[in-house]
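Beneath this line is the structure, given in structure tokens, with notes to follow.
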Amino acid sequence: MEAMAPSVPTLRHVRPVRPIEFPSSDPEWDMGQTGLHQRLCDALYHLLRDALAPASLVASDPFLYFDAADNRRKCAPDLLVKLGAPHRLVDTWKTWENGTPDLCVEILSSSDHEKLTLDDKLARYHAIGVPEVVALDPLAPAGSRLRAWDRVDGDLVERVVDDERTPSVTLGLWLVLAPMPEEPDLDVALRLARDPLGRDLLPTRTERLRAEKDRERADKEAAVAELARLRERLAPK
């Protein structure tokens, strides 16, 4: 006999519901992005997405809400990573529904119109409970452009970063500064590597495409050479 689906009880409440909206945009936060900021964010987004999707989620610049009773309690990380969450498009992230992100990345901008300072953002990431935060300031002096923070015993404490490279506990990869082939005029971008020296970089889409073309060219040359050998072998003596 087929089991009956449980009936849903009718619930009554002592006052009318007052819905709280958690919008995906806010004119007060819409300050625009500089060209450099946008390009660095896009480059890292594609690297992270190619490395992690579809098994994990990567989102770019979503509103991250962390107080279900107050829609003013939010921030907007440039990149957000949630391990084990199926990849999808994200307009807003609500921690009470989606959980705490595993990694948040900030690409700092020289714009004076930033809604929050880095200290403001770090205070909110601390309140949210983000275990790892990374920040890149491409215009800072060399040696201080890459910074990172870890959640340790409830505290969000800055990590010592040597030579502008540091491991990402979340990703199991190294974060290094290196050029991007897609952006040849940029001195540095935030890249992912399998080794601490950045010699084994995860390829960008441009690098993968070049490698595929090189393999196709090598295969074609090998096939032509093999055909020439066969013709020579079969030629009348």
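A few comments on the model shown:
- Considering the stretch 30-53, and only residues there that are touching a residue at least 12 places away in the same chain (Cβ under 8 Å) and outside any helix (DSSP H, G or I), the residue that is surrounded by the most Cβ atoms within 10 Å (Cβ to Cβ) turns out to be Gln33.
- Looking across the stretch 140-178, just one residue is among the charged types (D, E, K, R), crowded, with 16+ Cβ neighbours inside 10 Å and under 17 Å from Ile128 (Cβ atoms), and that is Arg151.
- Here is the figure for the stretch 179-193: residues that are surrounded by 15 or more Cβ atoms within 10 Å (Cβ to Cβ) and either within 15 Å of Ala51 (Cβ to Cβ) or out of contact with any strand residue (DSSP E or B) (no Cβ under 8 Å at 6 or more places or on another chain) (or both) total 7.
This table checks each residue for (1) crowded, with 21+ Cβ neighbours inside 10 Å; (2) not in a loop (DSSP other than H, G, I, E, B).
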| site | (1), (2) |
| --- | --- |
| Asp67 | no, no |
| Asp70 | no, no |
| Val81 | yes, yes |
| Ala85 | no, no |
| Pro101 | yes, no |
| Ser109 | yes, no |
| Asp119 | no, yes |
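- Check on Ser56, surrounded by fewer than 21 Cβ atoms within 10 Å (Cβ to Cβ), touching a Cys at 6+ places or on another chain (Cβ under 7 Å) and closer than 24 Å to Leu173 by Cβ: no
- The sole residue among Glu2, Glu21 that is surrounded by fewer than 11 Cβ atoms within 10 Å (Cβ to Cβ), at pLDDT below 90 and either part of a loop (DSSP other than H, G, I, E, B) or not small (Gly, Ala, Ser) (or both) is Glu2.
- Which listed residue, of Asp50, Asp91, Asp61, is of a type in the set (D, E, K, R), at pLDDT below 95 and farther than 28 Å from Glu207 by Cβ: Asp91
- So Pro196, is it within 30 Å of Ala55 (Cβ to Cβ), assigned by TED's automatic domain parsing to the domain that holds Arg49 and assigned to a loop (DSSP other than H, G, I, E, B): yes
- Scan of the stretch 146-196 for residues that are in contact with a helix residue (DSSP H, G or I) (Cβ under 8 Å, 6 or more places away or on another chain) and among the aliphatic types (A, V, I, L, M), ordered by number: Leu156, Leu171, Leu173, Met180, Leu186, Ala189, Leu190, Leu192
- Within the stretch 6-24, the set of residues being closer than 30 Å to Asp61 by Cβ and either assigned by TED's automatic domain parsing to the domain that holds Pro62 or among the aliphatic types (A, V, I, L, M) (or both) comprises Ile20 only.
- Within the set Leu146, Leu136, Leu177, Leu173, the sole residue that is more than 17 Å from Glu106 (Cα to Cα), under 19 Å from the mean Cα position of the chain (by Cα) and assigned by TED's automatic domain parsing to the domain that holds Ser109 turns out to be Leu173.
The values are calculated or read from the model by the stated rules, or taken from the named source; none is laboratory data. Here the structure is a predicted model, which is why all the values come from computation and not from measurement. When we count neighbours, we look across all protein chains shown, and the Cβ atoms used for this are built from the backbone with ideal geometry, even at glycine.
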